[in-house]
Amino acid sequence: MRKVEKMGTLIVIDGLDGSGKNTQSKLLYDRLRKEGKQVCLVSFPDYESPACAPVKMYLGGEFGSDPEAVGSYAASTFFAVDRFASFRLNWKEAYDNGAIIIANRYTTANAIHQLTKLDEAEHDAFLEWLYDFEFVKLGLPVPDLTLLLKVPVEKSLELIDHRGEKKDIHENREHLKKAALAAEKCALSWGWESLSCVNETGDLMSREEIAERVYSLVCEKIF
């Protein structure tokens, strides 16, 4: 009988813009590699991929400077195609052979940012559509663990400003406030683990403190 290989493990780190997703994904990747685990790091959007062209046009404001100029379903397809290309070309083989995949953003980002454009009565239908579209129709792996990094919107905006980079159409106060509320709903609907990145006094924790909390959750839920 042909032996069926164990599929891999997908860990997603998401949150508002400026919440430290990229930093925490890299720190977790480095730590698991040092432990000798087979691990891959992926990040979305994959700006180097030709499949990311519509995403870059959307975030760059070519379809409209307001995020709501492109509907939730249309915008979601841009990001989903980018993920599909990345999976099939870059990390499917590793995943199929049992690797741990750490994703900086994933389908989760579509859920957070595109839910903001819909009336509350439409939320459940959109999340059901998104889950079916990406995980069933496109065949992308379902995350084994999603960590939502929670940073207050004003802190998020400070961190975005500190980067000194050109902002995309999602990186504004009005959109991020809606996205923060959407993230809370998505966390409940899809069973994400929420991780506050501020301490009891409201100050942002150090990246090392956050990394320890991320690692502890990964050990508790995965290993």
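The values are calculated or read from the model by the stated rules, or taken from the named source; none is laboratory data. It should be emphasised that the depicted structure is a prediction, and the values quoted were computed from it without experimental measurement. All Cβ positions, glycine included, derive from the backbone under ideal geometry; neighbour counts span all protein chains shown. Note: areas computed on protein heavy atoms with side chains; ligands, DNA, RNA excluded. Shrake-Rupley method; radii C 1.70, N 1.55, O 1.52, S 1.80 Å.
Can you tell me the length gained on complete extension of the stretch K37 to E208, counting 0.36 nm per residue apart and subtracting the Cα distance? It would help to have the intermediate numbers written out before the result.
Values: separation 171, 0.36 × 171 = 61.56 nm, distance 2.07 nm.
That pair, K37 and E208, stretches by 59.5 nm at full extension.
Need the full-extension length gain, A121 to S65, defined as separation in residues times 0.36 nm minus the C-alpha distance. One decimal, nm.
Contour length minus Cα-Cα distance gives 17.6 nm.
Ranked by solvent-accessible area (1.4 Å probe, protein heavy atoms only, all chains present), the residues C219, C186 order from largest to smallest as C219, C186.
Which order do M205, M57, M7 take when ranked by solvent-accessible area (1.4 Å probe, heavy atoms of all protein chains), largest first?
The ordering from most to least exposed comes out as M7, M57, M205.
Determine the share of the chain's accessible area contributed by carbon and sulfur atoms, expressed in whole percent, with a 1.4 angstrom probe. Please report the intermediate quantities before stating the final value.
Details: 5810 of 11460 Å².
It is 51 percent, rounded to a whole number.
Take the Cα of N199, step 7 Å toward its Cβ, do the same at W129, and the gap between the two points is 4.5 nm. With protein chains left intact and a 1.4 Å probe, residues in the range 120-223 average 57 Å² of accessible area per residue. Taking label positions 7 Å along the Cα-Cβ direction at both R173 and Y73, the computed distance is 3.4 nm, reported to one decimal.
Computed over the chain, the per-residue total of -39500 (n - 2.57) for DSSP H runs of n ≥ 4 gives a 222 nm mean residue ellipticity of -14000 deg cm²/dmol, rounded to 500.
State, to one decimal in nm, how far the label point of K56 lies from the label point of A94, with both points 7 Å from Cα in the Cβ direction. Going by the 7 Å Cα→Cβ label model, 2.3 nm.
Could you give the length gained by full extension between L188 and F84, i.e. 0.36 nm per residue of separation minus their alpha carbon distance, to one decimal place? Don't jump to the answer; show the numbers that get you there.
Values: separation 104, 0.36 × 104 = 37.44 nm, distance 2.54 nm.
The L188-F84 span can extend by a further 34.9 nm.
State log₁₀ I(q)/I(0) for the range 46-143 at q = 0.19, 0.24, 0.25 Å⁻¹ as given by the Debye formula over alpha-carbon point scatterers of equal weight, solvent excluded. Relative scattering, expressed as log10 I(q)/I(0), comes to -0.95, -1.34, -1.41.
When the chain is treated as a Gaussian network with alpha carbon springs shorter than 10 Å, the biggest mean-square fluctuation among K167, K178, K34 belongs to K34. Going down the list K37/K185; K37/K155; K34/K92, which pairs span over 29 Å between their C-alpha atoms? Correct reply: K37/K185; K37/K155.
Think of the range 47-193 as a dipole: +1 on every Lys or Arg Cβ, -1 on every Asp or Glu Cβ, centred on the Cα centre; then among L145, I100, L188, I100 lies furthest on the positive end.
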